[in-house]
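The next block holds one structure in the form of structure tokens; read it before the comments.
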Amino acid sequence: MASIGHAVMEKNSASPNTSFTDTRLPDDPECDHRCFTRGLFQPSQYVCQRGTPVLPNTTCNSTISCYHLPPQVKSSNVEHEALINAIDLNTLQPDVKKFLAKLNIFISVRECGNIKNDCVKRVIYIIPPDLVDFPVHFPVAILKHQTTRHQQLAITLGAELVSKEKLCLLALSSRNTYSEGEMCKLASYILSDNNLMTNTSICQWLKVLRFVSDVNGVLHLPGELYDPKDDDIDALIDEDLTPSHRFHQYLPSLVKLGLKKVIDLPQHLLIRAITNVQSPSINTEEKTRKSLALLRVLEQRQDYKAVCMAVRDVAFVYGVTVKPSDYPVHLGWETKPHLLTPTSLKSYSKYKDVLGSVIQLVDCSHLPKVAKGFDWNMDPDTSNFCDHFRNMITAYQSSTRGCFEMNAEDNVHQDRKMVVSVLEKLDKYVDDIPPSELLLPVENDDDSLELVKKELCSYSDQHCDWLSSDDLEVRIVHKCIPLKLAQSLGVKQLSQHLLLGGETMMEWGQNEQLTTSLNNLLHQYRDGVAIMKELVQNADDAGATTVSFLYDERQNEGARTRLLSRQLEECQGPALWAYNDATFTEDDFKNLRKLGGGTKELQPTKIGKFGFGFCSVYNLTDVPSGSSYVIFDPHLKYLGHENKTPGLRYSFEKEKTSRILSKLHGQFKPFNEMFDCAFQDTKEYDGTLFRFPLRTPLQAERSEICKISYERTDMMQLLHMLWNVAGQILIFTQNVKEIKVFHLASNTSTPTEMKLLFESSSVPPNEPLLNKENKSPLKKVNSLFREHSGFQWNGKVYQDTTMVNINVKSFPEGKEICENKVGSESVTWITSWHSGKGRLCRKAEKWSSVNSSMSRQKWMEAKMRDGLTLHMIDHVDAYMESLQGVASIPTHPYGKLRDPRDLICPKSQVAKMYSESDERFPQDKFTQTSNRCDVLLDLGMKSKTIPAEWVKERACSLVQSVCSQCALHRSSEILYYMATQDEEKQNAIASKLKTLPFLPVIIKPLKWQYAWKGDENMSKQSKLCSSHTSHIEKTVTFTNPSDLYSSHFKELVGSTELILSLNQGKNKYKVQESVLDKLGVTVDYLPLKSVIEQLVVFSNAPLLDKIHARCHAIYEHLEKVLKCQPTSASELHNFQNKKILLTKKHGFVEPCLFALSSEHDCAPDLFSASIEGLDKYKLLMNALDITTNFLFSVVEKTILSKKETWGEEKLSDEAVSQMSKLVGELFKVSFITLDNNQVSSQSLHLPDTRGYLQPVNKLCFDDGSKLSSGNLLCVHHNFKVSKGILKWLGLVSKTQKRLEGSSHRMHFGQNEPLTTRLRNIFQDYPYDSGIMKELLQNADDSGATEIAFIIDLRHLPTDTLFD
């Protein structure tokens, strides 16, 4: 205002009545404010005082609107203040505001604390916060803070009051106006202010600002450096990739800005760091730390396999140079104290004892992935183990105190331990090692380490200190060698040496496929008293007069060592003994070995078949043994692992044999004093003695013959049954006259303490009733048949009657054990014998009572028999005891006699599991009244429950069922029955059925158009019985529950697993999943491998309807599984190269050809998971190692494969465009991953102008020049990529290619560094007319006579240039 006032006074004093005006207003577009000079106020209109001006608002407004201060006129602070104070903020008009906003009426400042009096900008928009420590000059002219009125006016005129954060953002956005040092100061200022670091925008600017210096002072982005506090920072020793020390105070903020962890190191930098471990600039201690850190980092990375492959031959690992504390002193240690290549190393923890002297070792117990990547846990060549073993033997033999130089006891122990470790590794290579080079430690008297050749060694499954080398002529391997190791090394078992030469024993046993045959045979010999009967019958056929049975409850704990094999230990418990006073002949032994061979059918005086009947004992035991010491072993597992025959017979005839067997104290201890047995001492025994170890529950579970175990309650019941029939057994025996039954309690020590329970004896009358000859009836009948003519009947008639007195006596001990009545009974039996035809053959037995007849009714005519049985049922009160346990009820349809306990009530639910052909339903006359039915139920007929063993039999019967519908119906009923039982019974049934093929498999659905697992093994043809002729014939498959999956999994694994069918057959019950789970059916968890294999099946089939829905259902299932069980992701790694991911248009593709980003899509070669709709399965994509970008190697391989695909054929335009997309993607991937990958110019082929693939080094690109192409090959016009990519590929322009072919290089130019030299020359020759002088001088020196300088202002064409 002073300047304005001064101008006004000048004009007024010159001519008070004259005014100078300028009609141009500031808002006039013709008004140039730079030339707008001064207007004049009337003196009366303006008074300038020192202080507040006395200028009316209206006058002020109008006056200001008519004048503008020219820029060359300076104004004082006082005048600024006067103008600002003269303005009424409440009455300012818009046009005045607009004009004032353009005036330089505020004092501006650019540097904090440095105020400039002149305005640097006309318009001031920024009002700064109150701060004095801003590190750099302000990014724009800002209002110097003075008074509140200043701020109010500035805000009224459009200025903005900014915050500290906004000021920093303005400075960051104007970074080009600052030097590097200033930007570093600004960044440090922001880092030190926690409030500023909470601003997201500021952080985003700092992330792209190079302000963090490394240890060498080079500036980096925060995201380019690594956290020095990282546990693995030692991996970056000597790598210059960490912030300098002054930035350590800002580490938390730098982490927020992207400061990386070492684990995030790019692959190429990690490989570089690994290679730099060998750098001479770092000392050994630093190398050690760096090596360990690099291994830790490598262990945590997803790409560890690729890195391991790249650095396999780089020496960057330190091995374990210190021998283990338990390692032999004299045995060498191969690992050296210097950097080693991964390929030369193996795992320390795994191989220290077995390779320490031949291979360098590294501690990788905490590095499982790295160990896998470098194959450190993979066995080396067999020769290495052999070499180490030889070194051990050499070290041991060269030292008088052993390898370890410890005290003798510890030394031997460590030596043996080391030997065993090596032998365990040599186990799998034993076939490649000569037997003479394989030495084993053996037992000896002084417990020293003695190594003997394998072929001279033997092993036993028990301690053999009771045997000497003189006995065996072989050495026993030391107890430190496990049995499995000895077997796998090919060491023979002790029993094999005992067998050599046939001295000790003979291979023996029943010689058929026993376990299956015996199982089938036992159906003819039900367990129970039939076992005793058969043993008595066999003894009778052998000529015995006395038979004794003993129930032995001793556990024989003192007889469980010194056995023929360790497996026999479980057979040393309770047993049933059978003794008779006959001696077996060699023919009897031969017959005993045969199974069902009809060994007595040509011996008419013997009524049994020895091989057949003896097999009934397998109801009790799996390992029967007898006279002359024979052991049967149908399972081939109780007589040692090497036993290949179902039994052994031991002979005591030779001295050596006798001496060895006499030392088997444990094996024969139960026999000592048993029925006067002492054959270990006497070498002979007058009689026959059988020992039947009772089958335990554990043995029953494993047995393939019989699943029934015998415990104390079972034996008590068996003995009670034997007591009931003890007298009847002797009725038809020819030789046996006495049966005795004993008991030996568990707390007794010797067999002499056995107690007699009961006995029966037969006493013949003084003379026969009819025939006076002293011959047995069988011998008399034998005379009626001609032996020389095949035992044909001679037609003669024979009839006789015999009588025998049967005495049964029971003792008090018997009442306690088998609940029999104490006392004695005597019965006389009269038997009629007849031969001939017609009425002569009718039975003529005399029955003393109805009670007696029940045991003989199988010889009665059916009509008489059934009438007798019905009479007893109708008068059950009198005959209940006689009906119990007797097979007297005829069944449908053929009248087979059944024990009531073996019957099924035909009207019950359980009856639905049976058919009439099973002969379990009593004939109608036995159930036609409710009374008779109730009696049968009381006698044990089943109606609601059946034993678990019966359910198993029903399941087994499905295999024999002819009708597929009947089989389905029965399977359904079995499941329903199981579901109706309580938990305990369900578990019992499940244990029986788990391994049986009784559940139906869903057949291939009509709408399923792919392979179906259930179609692979059809076990039952589509046959139908007469009851199901109305059904459609369908093939049915049955299988084990453990092989089946619940039906709700069929869409997920129907092509790879068997699916349970619950909707076939007549009855369709809903079975709880808990029942199926007990049986072993998979109802809740699917193996990921099976689900993925279903995708593989889909991929091998044509694309059909609903394939997308089915595949995405599988993907959703896999996603859920991976979410619940993250560790299962490892199961999917093997499917990266399988076609399991379905695209929208191009079928199934391997996961390795996918990337997550939607920016990367090169279908049909490379695919985007986002575009294909697969990115929503994030966990699945991660498990399949699908990353955001494609791998360089994958894109490169795809491009290279085009040559194999097209060969010499011409590419279509679409194929050429696809090639350009792929090459562009390859370049993009290389740029994104920062990999310095470069494709080979020889291996990479691109399409030429004709569309044929050519090597890159033969191609050029058309740069538009008018030069003729000649013989040059240019890339196809549809191959559209940037010039940068073409140069990256190594392609040159057509012009350059043509020039290279038409010229040769000639050396030309100055021989010194030009940039420096020229700069110095320019100092001597400034840019003026001196240039012309120099050119003139040069022309003169060259002899020129004329020189012309021409200014050429033409614009020449650019299309025919070299480059």
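The values are calculated or read from the model by the stated rules, or taken from the named source; none is laboratory data. Keep in mind the model is a prediction, meaning the values are calculated, not measured. Ideal geometry is used to build each Cβ from the backbone, glycine not excepted, and the neighbour counts take in all protein chains shown. These area figures cover heavy atoms from the full protein model, side chains too; ligands, DNA and RNA do not enter into them. Shrake-Rupley method; radii C 1.70, N 1.55, O 1.52, S 1.80 Å.
Could you tell me whether any residue of segment 888-897 is farther than 17 Å from SER943 by Cβ, over 53 Å from the mean Cα position of the chain (by Cα) and surrounded by 20 or more Cβ atoms within 10 Å (Cβ to Cβ)?
The initial filter retains those residues of segment 888-897 that are farther than 17 Å from SER943 by Cβ, namely 888, 890, 893-897.
From what is left, the residues that are over 53 Å from the mean Cα position of the chain (by Cα) are 888, 890, 893-897.
From what is left, the residues that are surrounded by 20 or more Cβ atoms within 10 Å (Cβ to Cβ) are 888.
Scanning segment 888-897, I find at least one residue that is farther than 17 Å from SER943 by Cβ, over 53 Å from the mean Cα position of the chain (by Cα) and surrounded by 20 or more Cβ atoms within 10 Å (Cβ to Cβ), so the answer is yes.
Give the residues of segment 167-211 that are more than 16 Å from PHE138 (Cα to Cα), open to solvent by 30 Å² or more (accessible area, probe 1.4 Å) and assigned to a helix (DSSP H, G or I), sorted by residue number.
Answer for segment 167-211, where residues must be more than 16 Å from PHE138 (Cα to Cα), open to solvent by 30 Å² or more (accessible area, probe 1.4 Å) and assigned to a helix (DSSP H, G or I): THR198, THR200, SER201, GLN204, TRP205, LYS207.
What are the residue pairs meeting all of these: first residue in segment 81-98, first residue open to solvent by 60 Å² or more (accessible area, probe 1.4 Å) and modelled with pLDDT under 80, second residue of a type outside the set (Ser, Thr, Tyr) and not in a helix (DSSP H, G or I), Cβ atoms under 7 Å, and 6 or more apart or on different chains?
Partner pairs satisfying both residue conditions: LYS97/LEU157.
Output yes when any residue across segment 237-246 is farther than 21 Å from ILE1232 by Cα, touching a Pro at 6+ places or on another chain (Cβ under 8 Å), of a type outside the set (Ser, Thr, Tyr) and assigned to a strand (DSSP E or B), and no when none is.
The initial filter retains those residues of segment 237-246 that are farther than 21 Å from ILE1232 by Cα, namely 237-240, 242-246.
Filter once more, keeping what is touching a Pro at 6+ places or on another chain (Cβ under 8 Å): 242-243.
Subsequent filtering for residues that are of a type outside the set (Ser, Thr, Tyr) retains 243.
Add one more test, that the residue is assigned to a strand (DSSP E or B), and what stays is 243.
Yes: segment 237-246 contains one or more residues that are farther than 21 Å from ILE1232 by Cα, touching a Pro at 6+ places or on another chain (Cβ under 8 Å), of a type outside the set (Ser, Thr, Tyr) and assigned to a strand (DSSP E or B).
From the list VAL322, VAL370, pick out the single residue that is modelled with pLDDT of 90 or more, open to solvent by 30 Å² or more (accessible area, probe 1.4 Å) and hydrophobic (A, V, I, L, M, F, W, C).
Going through VAL322, VAL370 in turn, the sole match is VAL322.
Does at least one position in segment 237-244 carry a residue that is in contact with a helix residue (DSSP H, G or I) (Cβ under 8 Å, 6 or more places away or on another chain) and open to solvent by 30 Å² or more (accessible area, probe 1.4 Å)?
Within segment 237-244 (the criterion being in contact with a helix residue (DSSP H, G or I) (Cβ under 8 Å, 6 or more places away or on another chain) and open to solvent by 30 Å² or more (accessible area, probe 1.4 Å)), the answer is yes, since at least one residue qualifies.
Which condition breaks for SER972 when tested against (1) in contact with a Gly (Cβ under 8 Å, 6 or more places away or on another chain); (2) open to solvent by 40 Å² or more (accessible area, probe 1.4 Å)?
Only one criterion in (1) in contact with a Gly (Cβ under 8 Å, 6 or more places away or on another chain); (2) open to solvent by 40 Å² or more (accessible area, probe 1.4 Å) is unmet by SER972, namely (2).
Tell me, yes or no, whether segment 259-278 has at least one residue that is buried (at least 16 other Cβ atoms within 10 Å of the Cβ) and in contact with a Gly (Cβ under 9 Å, 6 or more places away or on another chain).
yes
Check every one of the helices (runs of 4 or more DSSP H) wholly within segment 1248-1356 and list those with 3 or more residues that are touching a Leu at 6+ places or on another chain (Cβ under 7 Å) and modelled with pLDDT under 85.
So the answer is 1294-1302.
Among LEU757, LEU730, LEU718, which is within 58 Å of the chain's Cα centre (by Cα), open to solvent by less than 20 Å² (accessible area, probe 1.4 Å) and farther than 23 Å from PHE668 by Cα? First the steps, then the outcome.
Values: LEU757 fails: within 58 Å of the chain's Cα centre (by Cα); LEU730 fails: within 58 Å of the chain's Cα centre (by Cα).
Result: LEU718 is the single residue among LEU757, LEU730, LEU718 that is within 58 Å of the chain's Cα centre (by Cα), open to solvent by less than 20 Å² (accessible area, probe 1.4 Å) and farther than 23 Å from PHE668 by Cα.
Given the structure, is SER325 within 24 Å of LEU270 (Cα to Cα), out of contact with any His (no Cβ under 7 Å at 6 or more places or on another chain) and assigned to a loop (DSSP other than H, G, I, E, B)?
Criteria not met by SER325.
State the number of residues belonging to segment 1120-1138 that are open to solvent by 90 Å² or more (accessible area, probe 1.4 Å) and closer than 14 Å to ILE1186 by Cα.
Result for segment 1120-1138: 3.
Among the residues of segment 428-449, which ones are among the acidic types (Asp, Glu) and exposed (fewer than 15 other Cβ atoms within 10 Å of the Cβ)?
Matches in segment 428-449: ASP431, ASP432, GLU437, ASP445, ASP446, ASP447.
Inside segment 865-974, counting only helices (runs of 4 or more DSSP H) that do not spill past its ends, which hold 1 or more residues that are in contact with a helix residue (DSSP H, G or I) (Cβ under 8 Å, 6 or more places away or on another chain) and farther than 30 Å from THR1039 by Cα?
Ranges flagged: 876-883, 930-938.
Quick check on segment 145-166: of everything there that is open to solvent by 50 Å² or more (accessible area, probe 1.4 Å) and touching a strand residue (DSSP E or B) at 6+ places or on another chain (Cβ under 7 Å), which residue is nearest to LYS97 (Cα to Cα)?
Checking each candidate, the answer is ILE155.
Would you point out which residue out of GLU570, GLU553, GLU557 is within 18 Å of TYR710 (Cα to Cα), modelled with pLDDT of 60 or more, surrounded by fewer than 21 Cβ atoms within 10 Å (Cβ to Cβ) and within 44 Å of the chain's Cα centre (by Cα)?
Details: GLU553 fails: within 44 Å of the chain's Cα centre (by Cα); GLU557 fails: within 18 Å of TYR710 (Cα to Cα).
Just a single option satisfies the conditions, and that option is GLU570.
With the requirement that a residue be open to solvent by less than 30 Å² (accessible area, probe 1.4 Å) and not in a loop (DSSP other than H, G, I, E, B), what does segment 1100-1118 give you?
Those that are open to solvent by less than 30 Å² (accessible area, probe 1.4 Å) and not in a loop (DSSP other than H, G, I, E, B): ILE1107, ARG1110, CYS1111, ILE1114, TYR1115, LEU1118.
Among the residues of segment 281-305, write down those that are more than 30 Å from GLY332 (Cα to Cα) and open to solvent by 50 Å² or more (accessible area, probe 1.4 Å).
SER281, GLN300, GLN302, LYS305
Could you look through segment 734-750, keep only residues that are farther than 23 Å from ASN556 by Cα and either within 60 Å of the chain's Cα centre (by Cα) or crowded, with 22+ Cβ neighbours inside 10 Å (or both), and pick out the one that is modelled with the lowest pLDDT?
Per the criteria, the residue is VAL736.
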